[in-house]
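Visitor: Mind having a look at this structure? Questions to follow.
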Amino acid sequence: MPPTETIALIIFIITYTGIIFTRLPWLTVDRPSSAFFGAVAIILSGVLSFDEALKAIDYNTIALLLGMMIIISVLELDGFFTLIAHKTISFSKSRKQLLFIITFVTGVASAFLVNDAVVLLFTPVIIKICQSGKLNPVPFLIAEIMSSNAGSALTITGNPQNILIGINSNLAYGKFMLIMLPVSLLSMLAIYFIVLILYRKEFNNEEDFTFADVPESYNYKSMNTSVPIFILVLAGFFLSKAINISYSMIALAGGSLILLLGRIKPSKIIKQVDWVLLLFFASLFIVVTGAEKAGLLSFLMNLFQIKSGFSGVLTIHLSSLVLSQVVSNVPFTILMLPILKPLQSDVLWMALASASTLAGNLTIIGAMANLIVIEIAGASKIRIGFFQFLKAGILVTAISFIISLVTLWIIF
């Protein structure tokens, strides 16, 4: 039998190859199936026992994700996201105002409502408004994608990778948000001006435009319960340290309340939960723990040369920029967790949260939110090309990385 280190290395390479190349010849493969195969192989090969594999799963992260998914699913079914999009966008009277509102409303909503869910519900509304106003939807959708990523960096619950970091770093919700506030807001401002410049012909047209008010159905009765519970959950996150209750328990409490007191059948809500994403996370935890046990992560730590201080911050930004495009930001973050834990450095945790999220704006494949918008736009015969996105992505990512590095250097 080959040594455990060799087996773990082979499984790790196969798993991350499947994550990188979601289409392989003769195989029906995607990221969750690759991770699940890796987790099962780690156990069958004896790298980890079944009990060790169960212990490898970070149940606090899974619980926080589950609680937030239940709450977000109810708000989605209530029409809360569409209501926000319609009411805010209706204030715009010019193309520049519309771009500004889309950029900042998407960013702020993504900070508290998880960016993947926000773009999933906001995108059809933006497309309808652009079509009714006879506007080119591409610059508005690019701004939406990039601001959803930049805005989601603001809080621990803004995106899956921040949830991972928040649970493992034990950072306070309020402290995390205050540190990331200038990074998110200045990045969104940069997105607004960059899109204005790149599509100046579109926005130099000062003619007023009108768009038809698309009728939508909203479940206001259900919102009377779901929205206050969501606000209570957010308040609980800010007070988590003071009341000595974990983020995961606050999210689960909110999820259980919304199932119990809400106006939507629980079975309908449970069907909305992304169980595949939870399986993906659990499987990756097992694969990475197997790699850690075999000593592979020590090699990666030496390769990256991650140390406390600003040199470590810079290394994390550069490695995030490259690897987030290769394996996407969530698998990259899970890989980094056991590397950063022994260092116990708040600035490195914040660097990972900032860089792994902002790096998603470089290319179309950099983050899941990007792919969601591209797919919805494609269904409406709106094409956003790889290089068309990259042109804005290079400028936005470069400026937001500089903002992130300067912010972390000043604060820490």
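The values are calculated or read from the model by the stated rules, or taken from the named source; none is laboratory data. If you're wondering where the values come from, they're calculated on a predicted model, not measured in any experiment. Note that we place each Cβ from the backbone using ideal geometry, even for glycine, and neighbour counts take in every protein chain shown.
Visitor: With Thr103, Thr82 as the choices, which residue is farther than 22 Å from Phe230 by Cβ, assigned to a helix (DSSP H, G or I) and within 20 Å of the chain's Cα centre (by Cα)?
Guide: Values: Thr82 fails: farther than 22 Å from Phe230 by Cβ.
None of the others qualify; the one that does is Thr103.
Visitor: Filter the range 40-55 down to residues that are exposed (fewer than 15 other Cβ atoms within 10 Å of the Cβ) and among the charged types (D, E, K, R) and give me whichever is nearest to the chain's Cα centre (by Cα).
Guide: Top of the filtered list is Lys55.
Visitor: Still on this model: So, in the range 356-383, how many residues would count as being more than 11 Å from the chain's Cα centre (by Cα) and farther than 24 Å from Val313 by Cβ?
Guide: Residues flagged as more than 11 Å from the chain's Cα centre (by Cα) and farther than 24 Å from Val313 by Cβ within the range 356-383 amount to 15.
Visitor: I'm checking my understanding of the structure. Among residues of the range 167-189 that are outside any helix (DSSP H, G or I) and on the phi < 0 side of the Ramachandran plot, which one is surrounded by the fewest Cβ atoms within 10 Å (Cβ to Cβ)?
Guide: The initial filter retains those residues of the range 167-189 that are outside any helix (DSSP H, G or I), namely 170-172.
From the residues that got through so far, the ones that are on the phi < 0 side of the Ramachandran plot too are 171-172.
Values: Leu171: 20, Ala172: 17.
Looking at residues that are outside any helix (DSSP H, G or I) and on the phi < 0 side of the Ramachandran plot, I get Ala172.
Visitor: Taking into account only those residues within the range 89-100 that are surrounded by fewer than 17 Cβ atoms within 10 Å (Cβ to Cβ) and without any contact (Cβ under 8 Å) to a residue 40 or more places away in the chain, which is nearest to Tyr218 (Cα to Cα)?
Guide: Phe91
Visitor: Sticking with this one: Which residues, taken from the range 384-401, are under 19 Å from the mean Cα position of the chain (by Cα) and of a type outside the set (A, V, I, L, M, F, W, C)?
Guide: The answer is Gly393, Thr397, Ser400.
Visitor: Test of understanding: among Ile365, Ile403, Ile394, which residue is surrounded by 14 or more Cβ atoms within 10 Å (Cβ to Cβ), modelled with pLDDT under 90 and closer than 16 Å to Ser320 by Cβ? Let's see the steps before the verdict.
Guide: On the way: Ile403 fails: modelled with pLDDT under 90; Ile394 fails: modelled with pLDDT under 90.
The unique qualifying residue is Ile365.
Visitor: Within the range 241-280, restricting attention to residues that are under 19 Å from Gln161 (Cα atoms) and in a loop (DSSP other than H, G, I, E, B), which residue is farthest from the chain's Cα centre (by Cα)? Steps first, answer last, please.
Guide: First, pick out the residues of the range 241-280 that are under 19 Å from Gln161 (Cα atoms): 246-252, 273-280.
Right, trim to in a loop (DSSP other than H, G, I, E, B) and you get 246, 273-274.
Numbers: Ser246: 21, Val273: 16, Asp274: 14 Å.
Among them, the one singled out is Ser246.
Visitor: Of (1) surrounded by 23 or more Cβ atoms within 10 Å (Cβ to Cβ); (2) at negative phi, Ser328 satisfies all except one. Which?
Guide: The one condition Ser328 does not meet is (2).
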